[in-house]
Amino acid sequence: MSRNRLMMLLAITASVVVALAGFFIGVAPQLSSTHASEDQRRSSEQDNVATQQRIGKLAEENKTLSQQQAQLAVLQGSIPATLDQSSFYSELTDLASTSGVTIASLTTSDAQAYAPPQSAGAGAPATPSASATPGSTATPSTPQAPAAKTNASITSANFSAVPVSVGVNGSFEQAIAYMKAVQSGKRLFLVTSIVSSSSSTSGSETKGSTGPTTWTLSGFIYVLQDAAATQAQQATAAPAATPSATATPAG
């Protein structure tokens with residue numbers, strides 16, 4: 001091989017090396033950067049679409065915000081964060097006047113801690129139905145109670161039931177009307193029983209006659225404390241039991 005050819009081969013090899021070095025040093029990083037920028041652009045577009053969808057959903061929900069706030073106020077009044085006996089007593093008195101009865105006694109007992117309900121058939125296998133045979137009647141399967149629905153945010157630490165007993169004087173129709181009214185009032189009052197009793201009157205003209213009938217409604221009202229307030233209260237001291245209160249209207 002002549003010297004000229006050797007020099008030409010070295011020159012060509014050097015050119016190829018320089019070209020490859022220029023590609024890997026200058027061009028390849030630019031191509032990688034371009035691909036990365038393209039991926040970032042696509043990711044940003046997807047994020048923008050998701051953000052626009054969330055904004056649209058919030059805009060739709062904002063149209064009913066006032067209605068939701070009104071519903072929340074009703075629910076908070078139905079089960080307040082405090083016992084608020086005075087407001088409850090005032091409501092019972094107003095409903096008594098509307099229903100035509102007279103309140104004879106009103107008692108609020110100590111609050112009872114909430115206990116999550118348990119399904120009646122929890123853990124028990126369903127009873128299979130008996131197979132029908134010729135000339136016999138098939139025995140139906142035993143119905144199972146529906147599963148109890150609970151909320152993890154409702155616990156014995158923030159939810160309690162307060163027993164209430166209300167005695168009113170009036171007729172049967174008036175007592176029924178009053179029971180329906182108190183169960184449909186602003187404060188949730190679950191009436192679990194109603195018992196009647198009559199007092200005998202004395203005197204020559206009314207000897208042996210029966211006095212006014214007293215209807216005693218027993219049930220529960222409820223208190224749902226704010227979660228933040230409950231945690232703060234537990235951090236400082238154990239909550240004190242609600243004192244028993246008995247109120248008898250004057251006259």
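Miscellaneous remarks
- Checked against the criteria, Q69 does not count as in contact with a Leu (Cβ under 9 Å, 6 or more places away or on another chain), of a type outside the set (V, I, T) and free of Cβ contacts under 8 Å to residues at least 60 places away in the same chain.
- Scanning the stretch 148-171 for residues that are surrounded by 12 or more Cβ atoms within 10 Å (Cβ to Cβ), assigned to a loop (DSSP other than H, G, I, E, B) and either modelled with pLDDT of 95 or more or not polar (S, T, N, Q) (or both) turns up I154, A157, G170.
- Check on L72, surrounded by 10 or more Cβ atoms within 10 Å (Cβ to Cβ), under 30 Å from S109 (Cβ atoms) and modelled with pLDDT under 85: yes
- Candidates are the residues of the stretch 37-69 that are hydrophobic (A, V, I, L, M, F, W, C) and open to solvent by 60 Å² or more (accessible area, probe 1.4 Å); the one that is nearest to the chain's Cα centre (by Cα) is L65.
- Here Q85 fulfils each of the conditions (1) open to solvent by less than 80 Å² (accessible area, probe 1.4 Å); (2) more than 23 Å from V164 (Cβ to Cβ) apart from (2).
- When we screen S218, S209, S196, S204 for residues that are open to solvent by 40 Å² or more (accessible area, probe 1.4 Å) and at pLDDT 90 or above, the only hit is S196.
- Selection within the stretch 75-95: residues that are part of a loop (DSSP other than H, G, I, E, B) and β-branched (V, I, T). The member of this set that is nearest to Q225 (Cα to Cα) is T82.
- Odd one out for F189, checked against (1) farther than 21 Å from Q112 by Cα; (2) at pLDDT 75 or above: (1)
- Subset tally (residues that are of a type in the set (S, T, N, Q) and open to solvent by 60 Å² or more (accessible area, probe 1.4 Å)) for the stretch 91-112: 5
The values are calculated or read from the model by the stated rules, or taken from the named source; none is laboratory data. Only a predicted model underlies this, so the values are computations on that prediction, with no experimental measurement involved. No Cβ is skipped: glycine too gets one built from the backbone with ideal geometry, and neighbour counts run over all protein chains shown. With ligands, DNA and RNA removed, areas are computed over all heavy atoms of the protein, side chains included. Shrake-Rupley method; radii C 1.70, N 1.55, O 1.52, S 1.80 Å.
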